[in-house]
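Before any comments, here is the structure.
The values are calculated or read from the model by the stated rules, or taken from the named source; none is laboratory data. Everything numeric here is computed off the predicted structure, so don't read it as measured data. Cβ placement follows ideal geometry from the backbone for every residue including glycine, while neighbour counts extend to all protein chains displayed. For accessibility, only protein heavy atoms count, side chains too; no ligands or nucleic acids. Shrake-Rupley method; radii C 1.70, N 1.55, O 1.52, S 1.80 Å.
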Amino acid sequence: MVANRYTSMAYESADEMSFGKTKHPVKTGLGLEIGAGYTIPEVNYAPRPEAGASKEKLIKEYERITTDIMQRMVQVGFPAVILETEHVQQMSNNPDWGAEVAHAQKTIMEEYHDEYGIKCALRHTIGDIRENRDFLQLRGDKYSVFMEAFEKCAENGADLLSVESMGGKEVFDYAILRNDIAGMLYGIGCLGTLDMDMIWSDIAAVAKKTGTIAAGDTDCAQANTAMFIAGGLLDKNLAHTLAIIARAISAPRSLAAYENGAVGPGKDCGYENVIVKSITGMPMAQEGKTSTCAHSDVMGNLIMQCCDVWSNESVEYHGEFGGTSVQCWGESLAYDCALMNTALETGNEKVLRDMFMLSDRYRDPQGYVLAYDNAYKVGEAIVKDGDNIYLRAKNAAIECCNIVEEGVAGKLAISRFEAGALKDAKAALDALPDDMDQFMDDCLTKYQSEVKVFLPENYGF
Amino acid sequence: MLDFTEESLKKVLTRYNVALEKEMTPEEAAEELYPKDELIYPIAKAIFEGEEDDVVEGLQAAIDAGKEAITLIDDALMVGMAVVTKLYDDGVIFLPNVMMSADAMLDGIEFCKENSDTAPETKGTVVCHVAEGDVHDIGKNIVTALLRANGFDVVDLGRDCPVDEVVAAVEENKPIMVTGTALMTTTMYAFKEVNDKLVEKGLNVPFACGGGAVNQDFVAQYELGVYGEEAADAPKIADAIIAGSNIAALREAFHKH
């Protein structure tokens with residue numbers, strides 16, 4: 001399948017965007033319609049470490065998790081829920097394991113749906129197992145196992161298919177630790193997009209064959225790595241201005257899933273999803289203030305602004321005072337959604353959206369650029385050269401720099417260090433060629449020599 | 001669209017990093033720390049700036065002026081790197097600066113070795129690995145760079161490293177410390193196996209663990225475990241071991257929760 005590139009925006013203006021509403025709602029699972037006027041909690045979990053010892057233990061663990069979540073949802077009266085199972089490596093390396101887990105979970109969900117009428121769906125996020133100990137192996141022997149994992153899960157109960165794919169990560173990991181903007185652009189914007197094109201056309205084919213939903217990807221492996229290294233305000237590991245440039249570049253990369261047949265909801269940890277939504281009009285999952293069980297971030301409220309599905313990212317299954325961890329975090333998510341849905345039903349969604357957004361708008365340059373009005377501008381920069389994967393990524397990076405500079409002229413305060421990093425990044429971007437072939441050739445030569453684990457054949461070169 | 005006034009904004013959030021920023025620029029701070037020796041100064045400065053070619057050029061000039069190549073590792077390269085690590089610890093510079101300086105320093109060390117018949121002495125050897133089943137290695141790469149930047153010899157076993165390979169590397173290299181990093185809760189369980197096999201063989205070496213889903217409670221469950229919350233803790237733990245700290249003392253110093 002040839003990627004159907006986006007060259008225009010889904011929305012006439014940024015103000016048209018809101019949480020819970022999309023241009024293209026998705027029907028799935030047991031009575032769910034995502035992005036059709038209400039938001040839905042998505043509970044994500046990790047089994048306890050010892051549960052991975054055998055298939056039987058793992059299935060039992062997921063049965064407990066699923067029952068706990070469904071039970072809490074009906075106990076407190078929430079109308080809808082999505083469960084997301086992010087595969088541990090055993091489940092993707094052995095597709096039968098993943099399939100049996102999906103079947104066990106869906107059986108329980110069907111029982112609750114039949115008995116109580118609760119609307120629900122099951123997302124399975126396959127692990128990107130395409131690697132060996134030393135190298136990424138994106139097109140090698142494991143590709144067929146990778147695709148088999150999607151298919152078997154889809155055949156056995158998963159409604160939504162996702163992955164956090166890793167294309168370009170070997171170059172990005174090298175570049176991000178060296179303030180290397182060209183490397184970030186090459187790793188995420190070019191290599192990442194090429195790999196996304198390949199896998200998402202195949203995942204979409206699996207979804208079509210099995211009657212399931214090709215949901216979407218996230219640039220967790222790269223943009224979230226940058227966000228986590230950047231950390232909090234006092235951390236000294238990476239300028240937050242560089243982290244948001246990586247995020248802006250990640251938007252056209254994650255967009256490629258939808259250009260190859262995915263329809264949403266995009267994966268929760270894709271903070272770039274607000275930009276992707278502005279372009280596609282498709283539903284998106286997000287995570288923020290109710291995913292502090294998994295990690296801190298500096299835009300916990302803001303990122304709710306345009307979500308359709310609201311996630312806790314991940315929590316290890318264990319006991320808390322208020323029940324098991326999945327029950328506690330699931331309940332918090334569902335109450336967040338109840339508030340958003342109340343705003344939607346009373347016609348106050350734009351007020352609540354703006355309050356979410358404003359509370360973090362000036363907390364950090366990352367939140368500033370992802371505020372829906374600015375995210376929309378990044379989207380416009382991407383679709384301007386939507387057919388050229390290099391130029392659109394470069395456009396996103398440059399627009400991101402411009403937005404931060406405009407913000408600094410107003411109420412956005414950044415440190416001298418962040419300002420310096422931004423200035424250097426802008427200069428590096430300005431020095432890049434406009435010609436994609438030249439950029440690709442230059443980068444191939446440079447990173448083949450500097451990054452020992454970079455294998456060009458992974459990208460069909 | 002809703003917006004704050006300047007006054008109302010201050011009541012909602014505080015940009016502590018902006019409020020607390022040091023007055024001095026990194027370059028000014030580094031200038032105060034460089035050694036004054038005219039042969040050493042350019043090498044230390046090139047390390048700070050992460051310029052490999054300038055490091056080698058400075059080393060060649062020092063050797064031409066009669067300095068022993070092998071002594072320049074401690075007397076110039078490590079001195080320059082000490083400037084970098086101090087400014088990183090003080091919050092004046094950020095991690096990418098350290099990584100670029102470490103790259104330059106390693107090139108410099110190779111140059112010194114090529115120009116000498118004697119082997120350099122290091123502060124000690126550390127065995128580093130990513131847990132079996134886990135391929136996320138950016139944390140380990142930061143740890144190894146920071147350890148090397150602080151004068152330790154690193155045996156890097158890479159990612160997805162089998163438990164027995166870690167144990168064999170400890171038997172062979174007699175390290176002062178082992179490090180293990182993991183992103184996933186399911187893979188960090190391998191740390192317990194590494195610990196048990198090391199203990200079984202009487203290899204009671206501190207085992208510093210950290211990363212993504214790893215937490216202090218988990219690491220404290222096994223005998224040799226020392227939890228490192230930040231990658232930057234690794235060289236500090238190693239320094240404490242050299243200074244005589246046992247595992248109990250390391251936990252006292254580095255277990256923050």
Legend entry - Percent of beta bridges antiparallel (DSSP, the protein assembly as shown, rounded to nearest 5): 15 percent
Inset, instruction - Mind grabbing the interface size between A and B? I mean buried accessible area, both sides, 1.4 Å probe, in Å² to the nearest hundred. - result: 4100 Å²
Inset, instruction - Could you tell me what percent of the accessible area of the protein assembly as shown is made up of carbon and sulfur, with a 1.4 Å probe and every protein chain present? - result: 49 percent
Legend entry - Cα centre as origin, Lys/Arg/Asp/Glu Cβ charges: chain A dipole, Debye: 380 debye
Inset, instruction - Largest first and in whole Å, give the semi-axes of the range B:23-114's equivalent ellipsoid, each being the square root of 5 times a Cα gyration tensor eigenvalue. - result: 22, 13, 9
Legend entry - Helix A:142-155 vs. chain A, principal-axis angle (Cα, 0 to 90°, nearest 10): 40 degrees
Legend entry - chain B: DSSP helices with Cα axial extent of at least 15 Å and average Kyte-Doolittle hydropathy no lower than -0.5: B:52-64, B:78-89, B:95-114, B:138-149, B:163-173
Legend entry - Nearest-20 debye value, the range B:23-114 charge dipole, Cβ charges on Lys, Arg, Asp, Glu: 260 debye
Inset, instruction - Note down, for the range A:14-454, the three equivalent ellipsoid semi-axes (square root of 5 times each alpha carbon gyration tensor eigenvalue), biggest first, whole angstrom. - result: 33, 26, 19
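Report the net charge of residues surrounding B:ASP90, where surrounding means a beta-carbon distance below 10 angstrom and charges are Lys +1, Arg +1, Asp -1, Glu -1. Provide the component values of the computation, followed by the final result.
Values: positive: A:LYS236, B:LYS22, B:LYS86; negative: B:ASP89.
Local net charge: +2.
Sorted by mean Cβ packing within 10 Å, highest first, what order do the peptides A:289-295, A:157-163 take? Before the final figure, lay out the partial values.
On the way: A:289-295: 19.7, A:157-163: 27.9.
Output ranking for A:289-295, A:157-163: A:157-163, A:289-295.
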Inset, instruction - Output the relative contact order of chain A, whole-number percent, from Cα pairs under 8 angstrom with separation of 6+ residues. - result: 21 percent
Inset, instruction - Using amide H atoms built 1.01 Å from N in the peptide plane, name the residues 5+ places from A:GLY266, or on other chains, whose amide H lies under 5 Å from its own. - result: A:MET284, A:ALA285
Legend entry - the range B:154-229 and the range A:379-405: distance between their alpha carbon centers, rounded to Å: 43 Å
Legend entry - Helix axis angle, A:349-361 relative to chain A longest principal axis, alpha carbon, degrees: 50 degrees
Inset, instruction - List the residues of the range B:124-142 that lose 50 Å² or more of accessible area once all protein chains are present, compared with their chain alone (1.4 Å probe, heavy atoms only, no ligands or nucleic acids). - result: B:ILE138
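Using the crude model of +1 on Lys and Arg Cβ and -1 on Asp and Glu Cβ, and no other charge, please compute the dipole size for the range B:140-257 relative to its Cα centre, in debye to 20.
On the way: 10 positive and 17 negative charges, 42 e Å.
In debye, rounded to 20, the range B:140-257 gives about 200.
Considering only Cα-Cα distances, which of the following residue pairs are longer than 20 Å: B:LYS140/B:LYS192; A:LYS119/A:LYS152; A:LYS169/A:LYS384; A:LYS23/A:LYS106; A:LYS236/A:LYS446? Don't skip to the end; give the middle numbers.
Working: B:LYS140/B:LYS192 18 Å; A:LYS119/A:LYS152 23 Å; A:LYS169/A:LYS384 26 Å; A:LYS23/A:LYS106 28 Å; A:LYS236/A:LYS446 28 Å.
Cα-Cα > 20 Å for A:LYS119/A:LYS152; A:LYS169/A:LYS384; A:LYS23/A:LYS106; A:LYS236/A:LYS446; rest within.
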Inset, instruction - Measure nothing but the geometry: give the 0 to 90° angle between the long axis through the Cα atoms of A:389-408 and the longest principal axis through the Cα atoms of chain A, rounded to 10°. - result: 90 degrees
